[in-house]
Amino acid sequence: MIPWVTVETLAPHTMSVASVGDQPRDFTNWERVLQRQMTKIPALFDNLSTRGVAEAIRAARERCEDVDIAIPTNSGPHQLKIRLVLGPADDAHAVRIWLGPTAAPVPLLRPALGAIWDLGTQTLRQSQDAAIPGLPAGEHIPTFSITEIFHRMPSFTRHAELLELLYEPRPGQRLQCEAAVTTSPGATSRWRITARASDDAQPRTVRWLIEDVPDAAAPPDVSALECIGLREAHRRAGTHLALVQLGRAAIAHWLTDPAPWVRWDYLFRPVDVFHPDDRVRLVELATRFRAGDSVGLTVRVLNHGGGYTPTLLLLYPYPGQTNRHLAIAQWVRAPEQSPLLDPEHLWAELDRRGAPIGYDDVVRDWLTGRSAAS
């Protein structure tokens, strides 16, 4: 069966192949791949060239519309199909191309979507009407923190590379990787992530293409025995470790099970994990890590009742990481900890703040008939 060719269009003036069918292509030259595909169907050359395909792609991107073009040949009618993968700004993050005889079966397209990482908010933004592949419809929210993404990838191993791209993006910097993703209890999916830093006009964003990949098309993820053993040892010992982006005052990735008293997911803004005054302290502390210091300090972290719990962070520089503001943090509840607010006190705390701070608050408002804006 003739496969779809997925061409990433994550930069305005750059295109490359992300995948052919279910197989990754890691930014291969799109003209070379397309020429190879056309060579398998010589009749296409009667009335089509790679230049003609490029013009059709350009038109589809400019109009933000799918394209179907009939191609008459001496061997019978053929067709060119172009399907767009849109991002949250309704622009094309990828085009998917199919060329073949009109009578040939066209393979189904697997789910894919475009997303944008914004460094200012430290969130991955997706379209309101296009959920990340594999996630249940009830879990669709417009933004995710990178911590939430990583938490769904238990066997992913390329955290450092992806964090460097997200937090210190350079024009032209790019990355393609795959990971098994937990989509719901007992269920997994597999994503292929193709990401590229924006050009100089938008230096604080990284555009993503997320493709849903069948498990059979990829080698199984293998977790090292020492990683599994260490994680289990930490779980039994009750220790909690995370990578913290000090310069941005945010959690980047939980290395162990998350600290149970910390509310860190489904937040509008990932930085809300820390009390506003303590965010300033963490940002100031980032400069000390350039000299390789290790420090401990007590901060106030958001809890599940909407209040703050004093927590001791024992911070160590992350070894070998070019992003110098990344630290390993051990989380310990401070002896003088504040009591967690009871669930029934949640609304009073949220009313004091003046607005909900997370998507789960909005859902709770909706379920109880309250207006999130009130």
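The values are calculated or read from the model by the stated rules, or taken from the named source; none is laboratory data. Note that this is a predicted model, so its numbers are computed, not measured. Cβ coordinates were reconstructed from backbone atoms using ideal geometry, including for glycine residues, and neighbour counts include every protein chain displayed.
Could you check segment 83-106 and list, in sequence order, the residues that are farther than 22 Å from residue 140 by Cα, in contact with a Pro (Cβ under 9 Å, 6 or more places away or on another chain) and surrounded by 14 or more Cβ atoms within 10 Å (Cβ to Cβ)?
98, 101, listed by residue number.
Restricted to segment 8-25, and to residues that are of a type in the set (Ser, Thr, Tyr) and crowded, with 20+ Cβ neighbours inside 10 Å, which residue is nearest to residue 94 (Cα to Cα)?
Ranking the candidates gives 9 first.
Here are 18, 43, 70: which of them is more than 24 Å from residue 199 (Cβ to Cβ) and in a strand (DSSP E or B)?
Just a single option satisfies the conditions, and that option is 70.
I need every pair where a residue in segment 28-40 that is over 18 Å from residue 104 (Cβ atoms) and part of a helix (DSSP H, G or I) has its Cβ under 8 Å from the Cβ of a residue that is modelled with pLDDT of 90 or more and among the β-branched types (Val, Ile, Thr), sequence separation at least 6 or different chains.
30/5; 30/7; 30/17; 33/5; 33/17; 33/20
Among 130, 94, which is modelled with pLDDT under 95 and either in contact with a Cys (Cβ under 9 Å, 6 or more places away or on another chain) or not polar (S, T, N, Q) (or both)?
Only one candidate passes the filter, namely 130.
Anything in segment 255-282 that is over 18 Å from residue 147 (Cβ atoms) and aliphatic (A, V, I, L, M)? List them, or say none.
The answer is 280, and nothing else.
Find all pairs meeting these conditions: Cβ atoms under 7 angstrom apart; at least six residues apart or on different chains; first residue within segment 64-81 and touching a residue at least 12 places away in the same chain (Cβ under 8 Å) and of a type in the set (Val, Ile, Thr); second residue surrounded by 12 or more Cβ atoms within 10 Å (Cβ to Cβ) and in a loop (DSSP other than H, G, I, E, B).
If the second residue must be surrounded by 12 or more Cβ atoms within 10 Å (Cβ to Cβ) and in a loop (DSSP other than H, G, I, E, B), the pairs left are 71/47; 71/48; 73/47.
Could you check residue 251 against (1) under 17 Å from residue 327 (Cα atoms); (2) at pLDDT below 95; (3) among the aliphatic types (A, V, I, L, M) and say which number it fails?
So the condition that residue 251 fails would be (2).
Tell me which residues, restricted to segment 26-36, are surrounded by fewer than 17 Cβ atoms within 10 Å (Cβ to Cβ) and under 12 Å from residue 54 (Cβ atoms).
Within segment 26-36, 31, 35 qualify.
With the requirement that a residue be among the β-branched types (Val, Ile, Thr) and out of contact with any His (no Cβ under 9 Å at 6 or more places or on another chain), what does segment 256-273 give you? Even if it seems obvious, please write down each step before you answer.
Pass one, segment 256-273, residues among the β-branched types (Val, Ile, Thr): 256, 262, 271, 273.
271, 273, listed by residue number.
Within segment 160-210, count every residue that is within 17 Å of residue 119 (Cβ to Cβ), touching a residue at least 40 places away in the same chain (Cβ under 8 Å) and basic (Lys, Arg).
Matching residues across segment 160-210 total 4.
Sort out which residues of segment 37-73 are surrounded by 12 or more Cβ atoms within 10 Å (Cβ to Cβ) and among the basic types (Lys, Arg), and write them in order of number.
58, 61
Residues checked against (1) basic (Lys, Arg); (2) at pLDDT 90 or above:
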residue: 266; (1), (2): no, yes
residue: 276; (1), (2): no, yes
residue: 280; (1), (2): no, yes
residue: 294; (1), (2): no, no
residue: 314; (1), (2): no, yes
residue: 325; (1), (2): no, no
residue: 340; (1), (2): no, no
residue: 347; (1), (2): no, no
residue: 353; (1), (2): yes, no
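Name, by its number, the condition in (1) at pLDDT below 95; (2) out of contact with any Asp or Glu (no Cβ under 8 Å at 6 or more places or on another chain) that does not hold for residue 155.
Among (1) at pLDDT below 95; (2) out of contact with any Asp or Glu (no Cβ under 8 Å at 6 or more places or on another chain), the lone unmet condition for residue 155 is (2).
State whether the residues of segment 102-109 include one that is on the phi < 0 side of the Ramachandran plot, in contact with an Asp or Glu (Cβ under 8 Å, 6 or more places away or on another chain) and not β-branched (Val, Ile, Thr).
Taking segment 102-109 as the starting set, the residues that turn out to be on the phi < 0 side of the Ramachandran plot are 102-109.
Right, trim to in contact with an Asp or Glu (Cβ under 8 Å, 6 or more places away or on another chain) and you get none.
Among the residues of segment 102-109, not one is on the phi < 0 side of the Ramachandran plot, in contact with an Asp or Glu (Cβ under 8 Å, 6 or more places away or on another chain) and not β-branched (Val, Ile, Thr), which makes the answer no.
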